[in-house]
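Asker: Attaching a single structure in structure tokens format; questions to follow.
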Amino acid sequence: MEKDCIFCKIASGEIGTEFLYESDDIVAFRDLNPQAPTHILLIPKKHIPKISEIKKEDEALIGKMIDVANLLAAKENILENGYRMVFNCGKDAGQEVFHIHLHLLGGRKMIWPPG
Ligand code: 5GP
Ligand code: ZN
């Protein structure tokens, strides 16, 4: 737990947030400023600042986050039409919160390349 990290506070329950999923090591909740009809953030409870900083020991955790994102996509009824998973990493990608989070976006047609 990092003292000034908003996502550590959400994961620990210090900031009350409705969880769509919770396990020993992961929580998922809706983005405050949704960019699509479904916009869910999946975070590890462990504080990792950037996806570029994951270690070998985090492999299973990251795999599990993707697995849970697929599960939530099914619950949101976007499996068939499709969805996007995004990790923003660093300045050029526009990362704002330095505790890794997987964006799950869906429910509308998206464009490529992204902005
Ligand atoms: P980033 O740009 O770092 O990949 O994305 C950070 C995301 O976190 C943004 O989409 C932003 O709307 C979301 N966010 C920031 N603070 C909070 C918060 O306190 N609660 C929730 N639910 N989402 C947040
Ligand atoms: Zn954190």
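Asker: Which cysteines does the chain leave without a neighbouring Cys Cβ under 4.7 Å?
Answerer: If one checks each Cβ against the other cysteines of the chain, Cys89 turn up with nothing under 4.7 Å.
Asker: Rounding to the nearest 10 and keeping the result within 0 to 90°, find how far the Cα-based axis of helix 59-75 lies from the longest principal axis of the chain.
Answerer: Here the helix axis deviates by roughly 40 degrees.
Asker: Any idea what the dipole of the chain comes to, in debye rounded to 20, about its Cα centre with Lys/Arg Cβ at +1 and Asp/Glu Cβ at -1?
Answerer: Numbers: 14 positive and 17 negative charges, 58 e Å.
So the dipole magnitude of the chain works out to roughly 280 debye.
Asker: Would you mind checking Lys3/Lys56; Lys3/Lys50; Lys50/Lys91; Lys3/Lys45; Lys64/Lys109; Lys9/Lys50 for any pair whose Cα atoms are more than 22 angstrom apart?
Answerer: Details: Lys3/Lys56 25 Å; Lys3/Lys50 17 Å; Lys50/Lys91 11 Å; Lys3/Lys45 13 Å; Lys64/Lys109 26 Å; Lys9/Lys50 17 Å.
With Cα atoms farther than 22 Å apart: Lys3/Lys56; Lys64/Lys109.
Asker: Could you state the per residue volume, in Å³, of the convex hull enclosing the Cα atoms of segment 31-115? Let's see the in-between values first.
Answerer: Values: hull volume 9.0 nm³, N = 85.
Taking the convex hull of the Cα positions in segment 31-115, it is 106 Å³ per residue.
Asker: Please list, in chain and number order, the residues 5+ apart from Gln95 or on another chain whose amide H is under 5 Å from its amide H, with Hs placed from the backbone.
Answerer: Those lying under 5 Å, H to H, from Gln95 are Cys89, Gly90.
Asker: Here's something else I'd like to know. So which trypsin sites (Lys or Arg not before Pro) in segment 56-115 end up in coil per DSSP with only 10 or fewer other C-beta atoms within 10 Å? If you can, show how the numbers build up before the last one.
Answerer: Working: sites: Lys56, Lys64, Lys75, Arg84, Lys91, Arg108, Lys109; in loops: Lys91, Arg108, Lys109.
Hits after loop and neighbour filter: Lys91, Lys109.
Since every read-out is calculated from the coordinates, none of them should be taken as a lab result. Since the structure is predicted, the reported quantities are computational estimates derived from the model, not experimental observations. A quick note on method: Cβ atoms are made from the backbone with ideal geometry, for glycine too, and the neighbour counts reach across all protein chains shown.
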